[in-house]
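So the structure is just underneath, and the comments pick up after that.
The values are calculated or read from the model by the stated rules, or taken from the named source; none is laboratory data. None of the values given here were measured: they were computed from a predicted structure. Here the Cβ positions follow ideal geometry from the backbone for every residue, glycine too, while neighbour counts run over all protein chains shown. All accessible areas refer to the heavy atoms of the entire protein, side chains included, with ligands and DNA or RNA removed. Shrake-Rupley method; radii C 1.70, N 1.55, O 1.52, S 1.80 Å.
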Amino acid sequence: MDLTLEQRLLRFLAREEHDEHRAYRELLAQPVEQRVLDGECLHGVRFIGHDAGTWSFYLADNGSKFRAGDTVAVGDGLDLDAAVPFVYAGYDARTGELRLERDPYVKDLDCWLEDGETYVIDRRPLGLRGRLRDIVRAAFGERALAAVLTGQHTVVCDEGRYGRAVQRLADAGLNAAQIEAGARAIATESLALVQGPPGTGKTRLLAQVVAALCQYGCRVALCAFTHRAVDNALLALRRAAPTLPLAKVGSTVGDSEQELRQAGVARLDPRRSKLPEKGAVIAGTCFQLAKLPDRERFHYTVFDEAGQLPIPHALPGMLRAQRWLFFGDHQQLPPVVTGTHADREAAASIFEHLHRRYGSVLLDTTYRMNDGVCRVVSETFYGGRVVSAAQAAPRRMPFRSGGRLDEVLQPEHAVTWLRVDHRQPGSRSPEEAHAVADVVEDLIRQHGLPATEIAVITPFRAQARLIRSALQHKALSIDGLVVDTVERIQGQEREVVVVSLAVGDVEGTRGSTFHLSENRLNVALSRARSKVVVVASVQAFSMLPMDAVALRMASRCQDLRARLHEVDLSRLYLGAGVPVASR
């Protein structure tokens, strides 16, 4: 018997809850040292003090995976039941200050932390699956919303509103694809999807659309999965509409609190504050919108970064309105799920789910990538439909001939594969780390590129640590250089991006396609404005697919490999793993 979509989503949530608790139990069974190495724990964190809802700590180096909004617990690392629950707010690498905030879902906070004492910070389960189950049932109890989710809806646009929107967006200086996508969003009577590949102005367009709706007297709810995405959208809105009333539900997590305050974004307590009735934007994460009183309704709910938003998590926002606008890209990072699900559609993002049923309008001009980088990204991931804007196409990285790696860094070859055919098992390669360090050294010393314009990306935290170690031996000034995983670089851009795939053991890739996830590769390559260097063994592209999805991914990655300019420096980096400079 076939399950309904509602039943499949409920089963997905139950599986996620089960896998989350299993993973948490396995995590706690490991010693603190191992949890630290895995990026799931911080130790030796000194408590500084508490002020206005923020708990501050000192930590010399933060190697964790924690991101703003993650739920954590502070204690001794052994008795997790006695640990104090918090929400991770952010870390300032310059001062070593780490900030935590109160978890809004914890009613009675018993904070026994003492000034000057050191503690362990562990990840803890989010614990929202029960609330989401209730929301899924409520969503499918709404006939119109259930029809949209199951593909039974017909999208209708108001042609008069469409014509007025076209003129307004043209006057704002948008390109043809942005005008079409924005006008369809403004004119819809129910649903619109805008697919924004990297650098195509998705957030700018979102801001123009929302500002137009508010000028027409609409009350708009704006939401996303993370606080950072909500804050970025609010700041873009402020640039587009300097006087538009903006408010955020709940606290602001992360480094953007001061920016939002300076931008005049009000903070609302949903239990006490009176919300504006029209011509205003009320923003928050999907969970924050769910905490609003049931009577609060909006003319539109607008979702940013909808390609990372699981279907159940989008429903709190969808229940608040009868018109829904989704801005995202299902070809970039997908939702983070705890387990492996046989029902891939139930685990998909709300954007991908609706895109399959109703399609979307593609923003087809990137203002970030030059012609060479764009060509590789567009042909590999977007069917060749994305082009580089006239002002971006001729951009080239700074280059002075005479360096050790000129063949690798030639600007006319915008995407180069630096081939190092090692056979290292696992998720770290000293050979690739040395090669990456040499590339970075040449970029800075020979070609004069600032460290702030370079990003080094790898799928694995172990490889990131190895690369940082190799760079430390170069005696370079690398303040501002990013060395991190793909997830941490999403939304950013640099002049040059260096990608280290790390995997070099064919057997080790059996059944694992993480390092060649097409979504992650798309994000990694598309962070660059003018040059990408992919450091990898030929073995990394030799996956052994175990299912249809992995087979498609392997085929896509073979297409990518064929488009790369290849420079084989295996002989220089194999053996003892000694960097070029020492030979």
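Do the conditions hold for Ala347, that is, is it assigned to a loop (DSSP other than H, G, I, E, B) and either open to solvent by less than 30 Å² (accessible area, probe 1.4 Å) or in contact (Cβ under 8 Å) with a residue 40 or more places away in the chain (or both)? Steps first, answer last, please.
Values: assigned to a loop (DSSP other than H, G, I, E, B): yes; either open to solvent by less than 30 Å² (accessible area, probe 1.4 Å) or in contact (Cβ under 8 Å) with a residue 40 or more places away in the chain (or both): yes.
For Ala347, the condition - assigned to a loop (DSSP other than H, G, I, E, B) and either open to solvent by less than 30 Å² (accessible area, probe 1.4 Å) or in contact (Cβ under 8 Å) with a residue 40 or more places away in the chain (or both) - is met.
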(message) Condition first: surrounded by 23 or more Cβ atoms within 10 Å (Cβ to Cβ) and touching a strand residue (DSSP E or B) at 6+ places or on another chain (Cβ under 6 Å). Now tell me which residues in segment 143-195 satisfy that.
(response) Ala181, Ala185, Ala192, Leu193, Val194, Gln195
(message) Residues that are surrounded by fewer than 19 Cβ atoms within 10 Å (Cβ to Cβ) and under 20 Å from Asp231 (Cβ atoms): does segment 314-324 have at least one?
(response) no
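Scan segment 371-380 and give yes if some residue there is part of a loop (DSSP other than H, G, I, E, B) and either at positive phi or crowded, with 16+ Cβ neighbours inside 10 Å (or both), otherwise no. Before you say what the answer is, go through the steps one by one.
Step one: list which residues in segment 371-380 are part of a loop (DSSP other than H, G, I, E, B), which gives none.
Checked against the condition, which is being part of a loop (DSSP other than H, G, I, E, B) and either at positive phi or crowded, with 16+ Cβ neighbours inside 10 Å (or both), segment 371-380 yields no hits at all.
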(request) Of the numbered conditions (1) in a loop (DSSP other than H, G, I, E, B); (2) in contact with a Phe, Trp or Tyr (Cβ under 7 Å, 6 or more places away or on another chain); (3) under 26 Å from Pro197 (Cβ atoms), Met397 fails exactly one; give the number of that condition. (result) (2)
(message) Every residue in segment 106-142 that is aromatic (Phe, Trp, Tyr) and open to solvent by 70 Å² or more (accessible area, probe 1.4 Å), please.
(response) Trp112
(request) Please go through segment 248-274 and pick out each residue that is crowded, with 18+ Cβ neighbours inside 10 Å, in contact with a strand residue (DSSP E or B) (Cβ under 8 Å, 6 or more places away or on another chain), on the phi < 0 side of the Ramachandran plot and modelled with pLDDT of 70 or more. (result) Lys248, Val249, Leu260, Val265, Leu268
(request) Only residues that are open to solvent by 40 Å² or more (accessible area, probe 1.4 Å) and either hydrophobic (A, V, I, L, M, F, W, C) or in contact with a strand residue (DSSP E or B) (Cβ under 6 Å, 6 or more places away or on another chain) (or both): list them for segment 397-434, please. (result) Phe399, Glu407, His413, Arg419
(request) Test each condition in (1) open to solvent by 50 Å² or more (accessible area, probe 1.4 Å); (2) within 26 Å of the chain's Cα centre (by Cα) for Ala437 and report the one that comes out false. (result) (1)
(request) Spot the failing condition for Tyr358; the list is (1) aromatic (Phe, Trp, Tyr); (2) open to solvent by 20 Å² or more (accessible area, probe 1.4 Å); (3) within 22 Å of the chain's Cα centre (by Cα); (4) closer than 30 Å to Glu16 by Cβ, and only one is missed. (result) (3)
(message) Being farther than 13 Å from Asp122 by Cα, part of a helix (DSSP H, G or I) and at pLDDT 90 or above is the requirement here; does Arg22 meet it?
(response) no
(request) Give the number of residues within segment 165-199 that are under 18 Å from Arg368 (Cβ atoms) and either basic (Lys, Arg) or without any contact (Cβ under 8 Å) to a residue 12 or more places away in the chain (or both). (result) 1
(request) Starting from residues that are at pLDDT below 90, charged (D, E, K, R) and over 24 Å from the mean Cα position of the chain (by Cα), keep the ones in segment 100-130 and report whichever is farthest from Cys286 (Cα to Cα). (result) Asp110
(message) Looking at Ala83, Ala89 in this structure, which one is more than 24 Å from the chain's Cα centre (by Cα), touching a residue at least 24 places away in the same chain (Cβ under 8 Å), more than 25 Å from Gln463 (Cβ to Cβ) and surrounded by 15 or more Cβ atoms within 10 Å (Cβ to Cβ)?
(response) Ala83
(request) Take Val230 and decide whether it is in contact with a helix residue (DSSP H, G or I) (Cβ under 6 Å, 6 or more places away or on another chain), modelled with pLDDT under 95, open to solvent by less than 10 Å² (accessible area, probe 1.4 Å) and of a type outside the set (S, T, N, Q). (result) no
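Find the residue count for segment 452-469, including only residues that are without any contact (Cβ under 8 Å) to a residue 24 or more places away in the chain and open to solvent by less than 40 Å² (accessible area, probe 1.4 Å). Outline the logic, then answer.
Pass one, segment 452-469, residues without any contact (Cβ under 8 Å) to a residue 24 or more places away in the chain: 464, 468.
Of the ones still in play, those that are also open to solvent by less than 40 Å² (accessible area, probe 1.4 Å) are 464.
So the answer is 1.
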(message) Against the definition (under 25 Å from the mean Cα position of the chain (by Cα) and not in a helix (DSSP H, G or I)), how does Leu42 come out, yes or no?
(response) yes
(message) Looking at Leu100 and the list (1) surrounded by 20 or more Cβ atoms within 10 Å (Cβ to Cβ); (2) within 30 Å of Ala389 (Cα to Cα); (3) aliphatic (A, V, I, L, M), which single condition is not satisfied?
(response) (2)
(request) Scan (1) touching a strand residue (DSSP E or B) at 6+ places or on another chain (Cβ under 7 Å); (2) at positive phi for the single condition Ala52 breaks and write down its number. (result) (1)
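Helices (runs of 4 or more DSSP H) wholly in segment 88-185 with at least 2 residues that are in contact with an Asp or Glu (Cβ under 6 Å, 6 or more places away or on another chain) - which ones? Please lay out each step first, then the result.
Values: elements: 129-140, 143-149, 159-171.
Result: 129-140.
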(request) Keeping to segment 38-64, report how many residues are open to solvent by 50 Å² or more (accessible area, probe 1.4 Å) and either touching a helix residue (DSSP H, G or I) at 6+ places or on another chain (Cβ under 7 Å) or of a type in the set (S, T, N, Q) (or both). (result) 1
